[in-house]
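Notes for the one structure printed next.
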2 protein chains.
Amino acid sequence: MVPIQERRERERAERHRLIVDAARELAEAEGWDAVTTRRLAERVEYSQPVLYSHFKNKDAIVRAVALQAIGDLAERMRAARTAHRSPAKALRALADAYLDFAATRPALYDAMFVREVDLSFGTAESPPELRAAFGELVAVVEPFAGDDDVETLTEVLWSALHGQATLNQGRRLRPDHHRARVEVLLSRFC
Amino acid sequence: MVPIQERRERERAERHRLIVDAARELAEAEGWDAVTTRRLAERVEYSQPVLYSHFKNKDAIVRAVALQAIGDLAERMRAARTAHRSPAKALRALADAYLDFAATRPALYDAMFVREVDLSFGTAESPPELRAAFGELVAVVEPFAGDDDVETLTEVLWSALHGQATLNQGRRLRPDHHRARVEVLLSRFC
DNA sequence: TCGGATGTCTAGCACTGCTAGCATCGAGTG
DNA sequence: CACTCGATGCTAGCAGTGCTAGACATCCGA
């Protein structure tokens with residue numbers, strides 16, 4: 001391999017990272033509506049067409065941000081889960097970590113699970129970040145499955161958390177009862 | 001009141017209804033992306049500015065569609081609930097009605113609970129359709145509250161249903177396990 | 001029949017995502 | 001060293017978006 005080509009590929013990868021980071025920062029600071037191709041290009045100090053030499057379209061950029069964020073969430077869930085021996089405490093810690101992530105980084109949560117970015121869920125070729133995140137949920141749910149199918153129960157828990165996360169974000173649930181909702185969910189779930 | 005003015009108000013109200021209906025039909029047929037002010041104006045056979053003499057902006061039109069749909073959902077939930085004497089059967093019927101509505105009319109469900117249309121939830125001056133819908137949930141949950149706060153438990157159930165509805169719509173749950181998820185949720189909930 | 005208010009439309013603004021086509025620059029060859 | 005030629009990034013522009021100013025017509029009451 002010619003070293004010049006290697007250098008170019010390095011620079012290309014670096015710029016790729018730059019674009020994704022800029023999109024994430026802009027979205028977190030001002031919401032996804034503020035993430036236009038023009039503002040993004042200005043931010044990375046290149047012209048608009050450069051974005052399209054890295055990504056097929058704007059959705060692909062959002063998708064890249066979402067995937068990175070899902071990886072981050074998976075790590076946090078793992079940390080929460082492994083910090084406790086008791087299955088019940090692990091479950092509570094993971095639920096808190098999940099809802100805390102959604103509440104403190106709403107733009108990222110939107111990109112991950114609300115906007116239509118079809119990240120090819122479920123299928124065999126799901127991205128590893130997705131599989132890792134779902135795996136954390138499965139691991140924490142498993143002790144409580146009983147006669148129920150573990151994956152089904154996991155989907156039910158995930159849905160319950162996702163519902164609270166999104167309805168919280170839309171201010172459709174009483175904010176001062178957040179703790180109570182989590183406790184009720186867990187008490188019925190275990 | 002001058003009869004001419006009355007006639008004009010009647011015609012205005014009729015056109016208002018026409019716009020909302022056209023927006024709903026277009027959204028259900030081709031998704032909200034297809035609902036542009038131009039296409040909407042063309043559909044009701046008026047020019048764009050006419051829309052703005054009825055609604056402050058496009059969001060207000062979406063909001064009107066959402067409110068109508070919430071009223072419809074409330075009716076369906078009421079019918080499902082009152083069709084059964086047993087609290088458990090009433091709960092299952094209501095859950096099925098809710099998820100069926102979300103699955104068969106995804107565009108409407110989006111407008112109601114996913115898009116940011118801030119319909120002023122929770123507050124005292126919530127629209128009656130919203131209060132009616134939430135009231136149906138409260139009524140069906142009440143027999144299962146036990147020591148838990150009824151409203152809190154209702155919010156938890158709603159979140160669980162909402163989570164399944166949205167994740168189903170995004171094809172993020174296994175489609176052929178839908179029934180099993182509902183049963184698991186209800187069995188843990190009661 | 002006329003004046004004025006009411007209603008509607010045409011035309012346009014500032015913005016969006018995206019792309020065609022043109023410079024410019026640098027690497028490899030004679 | 002000179003030169004070609006391909007890669008790279010830019011300018012400019014297209015078609016579409018939500019929304020609005022201002023011209024125009026139409027109809028009512030006097």
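The values are calculated or read from the model by the stated rules, or taken from the named source; none is laboratory data. This one's a predicted model, so the numbers in the text were calculated from it and none came from an experiment. Note: ideal-geometry Cβ built from the backbone for every residue, glycine included; neighbour counts use all protein chains shown. With ligands, DNA and RNA removed, areas are computed over all heavy atoms of the protein, side chains included. Shrake-Rupley method; radii C 1.70, N 1.55, O 1.52, S 1.80 Å.
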* Tell me: how much accessible area in total is hidden between B and A, 1.4 Å probe, Å², nearest 100? -> 3000
* Shortest-first distances to equivalent copies, position residue A:38, nm, label 7 Å out along Cβ -> 1.8
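How much of the accessible area of the protein assembly as shown, probe 1.4 Å, is carbon plus sulfur, in whole percent?
Details: 9790 of 19630 Å².
That share works out to 50 percent.
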* segment A:106-190 - charge dipole about Cα centre, Lys and Arg +1 at Cβ, Asp and Glu -1, debye rounded to 20 -> 660
* To do: Choose one of B:88, B:150, B:68: the residue whose Cα lies farthest towards the positive end of the charge dipole of chain B (beta-carbon charges +1 Lys, Arg; -1 Asp, Glu; about the Cα centre).
  => B:68
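Using Cα pairs closer than 8 Å and at least 6 residues apart in sequence, work out the relative contact order for chain B, in percent.
Working: 146 pairs, mean separation 37.4, N = 190.
The value is 20 percent.
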* When the accessible area of each residue in segment B:172-190 is compared between its chain alone and the complete protein assembly (1.4 Å probe; ligands, DNA and RNA ignored), which residues differ by at least 50 Å², being lower in the assembly? -> B:172, B:174, B:184, B:188
* residue B:126 long-range amide H proximity, modeled H, under 5 Å -> none
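Going highest first, how would you order A:62-70, B:75-83 by mean Cβ packing within 10 Å?
Values: A:62-70: 22.3, B:75-83: 17.1.
Averaged packing, sorted descending, gives the order A:62-70, B:75-83.
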* To do: Mind checking which chain B residue has its Cβ closest to the axis relating B to A, and how many whole Å off it is?
  => B:163, 1
* To do: Provide the per residue accessible area, probe 1.4 Å, for the protein assembly as shown, rounded to a whole number of square angstrom.
  => 52
* Is the shape of segment B:63-189 best called rounded, prolate or oblate, per the rule: a/c under 1.5 gives rounded, else a/b larger than b/c gives prolate, else oblate, with a ≥ b ≥ c the square roots of the Cα gyration tensor eigenvalues? -> oblate
* **Listed residue pairs exceeding 31 Å between alpha carbons, taken from B:58/B:89; A:58/B:58; A:56/B:58** => B:58/B:89
* Cα-only radius of gyration and Dmax that characterise the protein assembly as shown, units Å -> 23.4, 88
* Asked: Which parts of segment A:140-163, residue by residue, lose 30 Å² or more of accessible area when the rest of the protein chains are there, as against the chain isolated (1.4 Å probe)?
  -> A:148, A:152, A:155, A:156, A:158, A:159, A:162
* Asked: Where in chain B are the DSSP H helices whose C-alpha atoms run 18 Å or more along the long axis and whose mean Kyte hydropathy is at least 0.5?
  -> B:128-141
